[in-house]
Amino acid sequence: MTDIIIKVKRDGDNSNYEDGDIVQTFTDKRIKSVYAEHICHRDKIGFKQDGRRPDNSLTEMYLQKVSEYKFERISENEVRRTNIETQEQDVISGTPNEKGEQMDVSLFVKRRLKHNRHLVFGEVGSERWYGGNTNKNKIYDVWKEIEKRTDKKEIDHAKFPCTDRTLTNYLVIKSEDLTDEEARELMEPLNKIEMVEGKPEVTQVKKRKNKIDWKNNLGLSESLKAQILDKKTKLDLREQVCLSKTELNEKKEVKTVLSQ
């Protein structure tokens, strides 16, 4: 499921958002990522006596799953880099490799270890660390490990951790799960295109092009609508309202303007 944050326009609200605007979306993958990052956070594992991070920790498991590369120190000044997805390997040292890459490994590790938030694992002289792009598509594999190692269950972490301010100032509901692209599209602004001196010029017209007529299309009672419009009432409707993708297709429109 995806959490949908909708703007509720109340008296005295001078924001640029309009009533019903889809302000934010949180896909199931993103929700699970937020909780996994918290559960596996580096601050929860501390350090070993030699200053490196503990082996086989939740933090390292998380990095092994979502990182692009694993780096392993194999000598005083050599590092083996492994692409975790493809298992392709190469070596980086003080001498440029075929890609022109080089590293003063000893100095690099020394500087990393001085930082109190470093993520260097392993033993003295055979350190390892992780890097590259983060693959959040692996987050469900992370959760399988979390469930094996802890008493936490993925099913219990299905709602984005909204603050009281969010639950008071916005309407929070659910929809069927969206892809990353679909979720981003719902948060796009409404733009207009003008031809200026023969070239297209894009101007933002409104903060969002997608909206939900929450007053008329969610089946809410009049008393619940009154609560939603109350500035002091905190409400969470994710257990009560879940929309299909087809119910998320209400778009604002603006005509393309052609001018010379």
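What follows is calculated from the coordinates using simple rules that are stated; it is not laboratory data. In this text the structure is predicted, and so the values were computed from the model without any measurement. Neighbour counts run over all protein chains shown; Cβ positions are idealised from the backbone, glycine included.
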Next item on the list: Kindly provide the set of residues from the range 199-230 that are closer than 19 Å to THR25 by Cα and exposed (fewer than 12 other Cβ atoms within 10 Å of the Cβ), ordered by number.
Entry: ASP213
Notebook entry, point to check: Filter the range 27-50 for residues that are among the polar types (S, T, N, Q) and out of contact with any strand residue (DSSP E or B) (no Cβ under 7 Å at 6 or more places or on another chain); which is nearest to TYR140 (Cα to Cα)?
Noted result: SER33
Next item on the list: Collect the residues in the range 79-103 that are farther than 30 Å from ASP141 by Cβ and either acidic (Asp, Glu) or in contact (Cβ under 8 Å) with a residue 60 or more places away in the chain (or both), keeping them in residue-number order.
Entry: GLU98
Check: Quick one: is GLY132 in contact with a Phe, Trp or Tyr (Cβ under 6 Å, 6 or more places away or on another chain) and either surrounded by 16 or more Cβ atoms within 10 Å (Cβ to Cβ) or on the phi > 0 side of the Ramachandran plot (or both)?
Finding: yes
Next item on the list: Tell me the strands (runs of 3 or more DSSP E) entirely within the range 133-216 that contain at least 3 residues that are without any contact (Cβ under 8 Å) to a residue 40 or more places away in the chain.
Entry: 199-206
Next item on the list: Only residues that are farther than 30 Å from LYS231 by Cβ and touching a Cys at 6+ places or on another chain (Cβ under 8 Å): list them for the range 164-197, please.
Entry: GLU176
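Considering only residues that are of a type in the set (A, V, I, L, M, F, W, C) and under 25 Å from CYS40 (Cα atoms), which ones fall in the range 144-172?
Filtering the range 144-172 for residues of a type in the set (A, V, I, L, M, F, W, C) gives 146, 155, 158, 160, 162, 167, 171-172.
The answer is ILE146, ILE155, ALA158, PHE160, CYS162.
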